[in-house]
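A short worksheet on the structure shown next.
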Amino acid sequence: MVNSVNTQNIAQQVTQGGLTNDRAVKDIGKDAFLKLLVAQLKNQDPLEPKDQGAFAVDLAQFTQVEQLTEINKKLGAGDNNINGLASYLGHKVVIAGETLDVAAGDGGSLQVELPSAVSSLKVDLKNEEGAVVKTITLAGAPSGKQFVDLKDLDVDNGTYGFDVRGVLSNGSEITLAAKAAGTVTGFIPGLSQTLLLGNREISVDQILEVALDK
């Protein structure tokens with residue numbers, strides 16, 4: 001008597017647990033299952049071949065389990081995506097680019113690098129042509145990387161370029177390096193990995209630095 005492999009029993013074992021039976025799915029993967037089917041076909045008794053209907057059922061059952069498992073993996077990836085985006089909430093992020101968006105007087109924040117303390121800061125907002133449309137004077141700040149908030153701006157909604165200057169105690173001015181920033185207030189789940197900085201939408205790829213919002 002030629003030995004055979006009972007793939008039907010194995011397929012039933014895999015499918016009985018449904019999506020929650022992860023161990024069964026791991027115990028026999030797609031490749032192993034197909035090898036078992038091929039082995040059975042090679043070793044089956046020519047006088048009593050495997051019923052073709054049962055063979056089709058075996059294959060259909062495993063295909064269904066495989067599809068459901070893939071769906072489950074995608075759902076799990078979605079959870080990881082949401083958890084990852086949620087971890088940014090409440091943090092200030094520094095983003096790539098040389099512009100900031102103003103909506104309802106809110107221009108977000110800037111991260112300014114100060115080589116020394118300044119008595120005040122001046123932020124020039126520029127239109128698309130590069131012309132200064134508004135100069136904002138802010139309080140002084142100590143040396144180091146500092147975040148400054150741009151609130152209650154008396155300018156139209158839109159996108160602006162910016163330059164930042166520091167006024168020293170002797171009245172002279174120095175040009176300062178600055179980057180757009182903002183506090184993450186929300187996110188939009190999905191493949192695009194979108195974070196919300198108030199009214200501004202950014203992708204995770206735009207983030208250069210993350211800091212606790214103090």
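In whole Hz, what ³J(HN,Hα) sequence does segment 147-156 give by Karplus (6.51, -1.76, 1.60; θ = phi - 60°), x for Gly and Pro?
Taking θ as phi minus 60°, the curve returns 9, 10, 8, 10, 10, 6, 7, 8, 9, 5 Hz for segment 147-156.
Per residue of segment 160-172, what does 6.51 cos²θ - 1.76 cosθ + 1.60 with θ = phi - 60° give for ³J(HN,Hα)? Whole Hz please, x for Gly and Pro, Karplus curve as stated.
Once θ is set to phi - 60°, the couplings for segment 160-172 become 10, x, 8, 10, 10, 10, x, 9, 7, 4, 8, x, 6 Hz.
With θ taken as phi - 60° and the coefficients 6.51, -1.76 and 1.60, list the Karplus ³J(HN,Hα) couplings across segment 198-208 in order, rounded to whole Hz; mark glycine and proline as x.
Working through the residues one at a time gives x, 8, 9, 9, 9, 9, 4, 4, 7, 6, 9 Hz.
Between residue 91 and residues 5 or more places away or on another chain, which pairs have amide H atoms under 5 Å apart, with H built 1.01 Å from N, and which residues are they?
Under 5 Å from the amide H of residue 91: 184.
Label points 7 Å out from Cα along the Cβ direction at residue 152 and residue 116: separation in nm?
According to this spin-label approximation, the distance is 3.1 nm.
Quick one: what do you get for segment 110-159 if you divide its Cα Rg by 2.2 N^0.38 Å? The partial results should precede the final answer.
Working: Rg = 12.2 Å, N = 50, 2.2 N^0.38 = 9.7 Å.
My calculation over the Cα atoms of segment 110-159 gives 1.25.
Bear in mind that the values in this text are calculations on the coordinates, not laboratory data. Every value quoted in this text rests on a predicted model; they were computed, and no experiment measured them. For neighbour counting, all protein chains shown are included, and Cβ atoms are generated from backbone atoms with ideal geometry for every residue, glycine included.
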